[in-house]
Amino acid sequence: MTTATAEAPTPPVIKESTATKVLRWLGKAPINILLVVVGLLWLVPTIGLFLTSLFAPEDVNNLGWWKIFTKPSLATFQNYQDIYHNESIRSAIVTTIVISVGGTVLPILVASLAGYAFAWLEFPGRDWIFLLVIALLVVPLQMALIPIFSLYSKVGIFDTKLSLILFHTAFGLPFAIFLLRNFFIGIPKELLEAARIDGASELRIFVRLILPLGLPAIASLAIFQFLWTWNDLIVALSLARDTQPITVAIFSQLRQFGANLELIAPAAFVSLAIPLAVFFAFQRYFVQGLLAGSVK
Amino acid sequence: MSGAGATAEPPVREAPPSAEAGKWRQYAIAAGFLAPAAFFLGVWIVYPTIKTIIRSFYSRDGSDFVGIDNYRALFSSDTLLRAIENNAIWVIVVPALVTALGLIYAVLTERVRWAVAFKTVVFMPMAISAFAAGVTWRIMYQQEPDRGAINAGIAAVKDVFSPTGVLSEAAPSSEALVQQPSGALVLAKPLEPGGVALLGLTRISVDEVPETAKQAVEPKSAPGEITGVVWRDFKPGGGTPGKVESEEVGLPRVTVELLDSSGDKVQSVTSADDGSFAFTDVPDGSYTVGIGASTFVKPFGGVSWLGAKLITPSIIISYIWIWAGFAMVVLAAGLAAISRETLEAARTDGATEWQVFWRVTVPQLWPVITVVFITLLINVLKVFDIVLAVAPQSVQDDANVIALAMWRTSFGGVSDFGLGSAIAVFLFLLVIPILAIQIRRFKREEAEAR
């Protein structure tokens, strides 16, 4: 009896739901079309850059990239081969990698130490000092360029990769400390107390407990910091001359824009391909970090 | 390495000498954890900040104390005032626009199944450098419609409504033809049936003459018809303007119009390969013959996106392209956290979607909207890379913003560290109010957490 009455009303419900589904789909068509158009608009510039980079040097400064759609034979990887053999672009890419890796590992190391202290160690004025660190978050790096330029010249590390790494480390710290402290503080207190009662030193707790548990936050941070240093222009442009990361190398080519796109377009695409790869590989961490930094 | 410290410590822990000593030990450990960060923050941020403030009161090379002269220069130099003005435009327009766009995208994506794909596409530009994005947009903004994609798009749309004329450069060869304000060329002398119209044109490049064009022929008068010829009235080595001569070719496919005395179009025909045309069955009366304006429509030369006038809006568009994804993702996360119950309650009470959005969604989302807005505000105040990438050297004065002015003054050739420091301090002063908001928010959140 009960099963029969339960089954009886079901068929019309399904029918109705397919009908409403169709209706709903029709109702949503404008939204779908609008979003498709917006999505395409958002893709066009990147696709345009890539296709531009595929033109042979004799075509690239004369033809619009959409010509490749009607004449695919115009596409060639010649420019990529050329910049691969271009000594200055190659060394720029190596420089960028060294700075980005150094400028990611060092601040994370320093910030996780500090983040742990702010989260779990007792010392006077802890909250005030932490507030000061957050305050440093908004100091524009323009405030540091001139004195650091002079300092680097005096110490003799001007125009070195190390000097750029150190600068990126310092300016990455406020956000990194903020993010890691907030994450570390969420680690269950019982875990730490148990470790302390077992007699583990703070350093041991930090290495064996905090770092592994904090890995998700550290990963988000690493991605941010990597992209930040990889994408930097102003620091390298101001504090180095011959130590050129890829952005500066492209910048020095911009003066002849329109006559040397066979160099600019593929170099710009390479400089953007690595961040994009990082983004697609670690999208989840990227978004998490973003939300931790702004919403929470 | 940590193992050594760990094995050495336990005994001390088990028997703390005294509470006081243990406390100091703890402080020492904390100091050890904080020392590297303190070193970096002190040397690279705190010290330079103080130094820059002091430096801003000294001359270009730092040898003389000049008081507030640098700040005076900051507010009297045209280039710097332009930078401040542009930055003000950025601050007023961009954060609001990007937040609104992000909110629209976030709300719309909640209603489609492929939201993740859309979000990925729109968010993607956040990963790449503002500089590379700028270079990308500079390619899009090129002026020639056969190179710059945006102008190509505009040209394509424009071609549908007013296609480029077949003879865009042509001009009359003699005074017999008069140019009208609309761009049309008409014969000054009215004609009657049996009359002959000679439409001679010059300034037509050889490329513009179709390959099918043949030697022009002097038209013959015919009763009840108005006959004529459109030809290239130019003979190498000279010739008589207004006369059809040998070696002068007819212009095919030109639309010729016959207008009655009141100026209305009665007939229109297309010229043949030798440029000849004829209006047949023309009733008695007085007519004018002319070539319609559409024949002479100039090709679209392209909007000068990178010119002095449009450069700031152009850069702003590329900036929005980068940041809309950020606003969308953060706001979408905020939307997901809104309680469904309140939305459903409003709907069952009969509120329209529009009312639900403005009265329920937006108020609940307000804290997140504020965060997005402030983040954008800070970034817009410091905007730099993208301006340098999109704006060509020649219009950098017109596109100038504070951070760019600071760099150009200090490192980009001028080497005035005094003025450069003053600009940096000015920028710093602009972000301090935002800093105050940030700290207040943080303190409130800490209080709530406890």
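Worth a mention:
- Failed item in (1) at pLDDT below 95; (2) assigned to a helix (DSSP H, G or I), with B:Pro17 passing the rest: (2)
- B:Trp24 satisfies every condition listed in (1) farther than 18 Å from B:Trp407 by Cα; (2) modelled with pLDDT under 90; (3) not in a helix (DSSP H, G or I) except (3).
- Any chance A:Phe206 is assigned to a helix (DSSP H, G or I), touching a residue at least 40 places away in the same chain (Cβ under 8 Å), within 30 Å of B:Asp61 (Cα to Cα) and within 11 Å of chain B (Cβ to nearest Cβ): no
- Meets criteria (surrounded by 17 or more Cβ atoms within 10 Å (Cβ to Cβ) and touching a Lys or Arg at 6+ places or on another chain (Cβ under 7 Å)) for A:Thr247: no
- Taking the criterion of being modelled with pLDDT under 85, over 20 Å from the mean Cα position of the chain (by Cα) and surrounded by 17 or more Cβ atoms within 10 Å (Cβ to Cβ), the residues of the stretch B:295-342 that qualify are B:Thr295, B:Phe296, B:Val297.
- Scanning the stretch B:405-441 for residues that are under 25 Å from B:Met126 (Cα atoms) and either in contact with an Asp or Glu (Cβ under 9 Å, 6 or more places away or on another chain) or among the aromatic types (Phe, Trp, Tyr) (or both) yields a count of 2.
- The residues on offer are A:Leu209, A:Leu203, A:Leu291, and the sole one that is buried (at least 20 other Cβ atoms within 10 Å of the Cβ) and in contact with a helix residue (DSSP H, G or I) (Cβ under 7 Å, 6 or more places away or on another chain) is A:Leu203.
- For A:Asp242, the conditions (1) within 10 Å of another protein chain (Cβ to nearest Cβ); (2) closer than 27 Å to A:Ser53 by Cα all hold with the exception of (1).
To keep it simple, each residue is scored yes or no on (1) assigned to a loop (DSSP other than H, G, I, E, B); (2) at the interface with another protein chain (Cβ under 10 Å from one of its Cβ atoms); (3) more than 23 Å from B:Glu445 (Cβ to Cβ).
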site: B:Gly325; (1), (2), (3): no, yes, yes
site: B:Thr342; (1), (2), (3): no, no, no
site: B:Gln364; (1), (2), (3): no, no, no
site: B:Val371; (1), (2), (3): no, yes, no
site: B:Asn379; (1), (2), (3): no, no, no
site: B:Ala389; (1), (2), (3): no, yes, yes
site: B:Asp398; (1), (2), (3): no, no, yes
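Results for (1) out of contact with any strand residue (DSSP E or B) (no Cβ under 7 Å at 6 or more places or on another chain); (2) aromatic (Phe, Trp, Tyr); (3) at pLDDT below 85, shown as yes or no for each residue.
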| residue | (1), (2), (3) |
| --- | --- |
| B:Ile154 | yes, no, no |
| B:Ala170 | no, no, yes |
| B:Ser173 | no, no, yes |
| B:Leu177 | no, no, no |
| B:Gly194 | yes, no, no |
| B:Ala197 | no, no, no |
| B:Glu208 | yes, no, yes |
| B:Thr227 | no, no, no |
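- Selection of the stretch A:284-296 for residues being more than 7 Å from chain B (Cβ to nearest Cβ) and of a type outside the set (Ser, Thr, Tyr) yields A:Arg284, A:Phe286, A:Gln288, A:Gly289, A:Ala292, A:Gly293, A:Lys296.
- For the stretch B:95-108, residues that are touching a Leu at 6+ places or on another chain (Cβ under 7 Å) and crowded, with 21+ Cβ neighbours inside 10 Å total 6.
The values are calculated or read from the model by the stated rules, or taken from the named source; none is laboratory data. None of these values were measured; they are calculated from a predicted model. Here the Cβ is made from the backbone with ideal geometry for all residues, glycine too, and neighbour counts use every protein chain on show.
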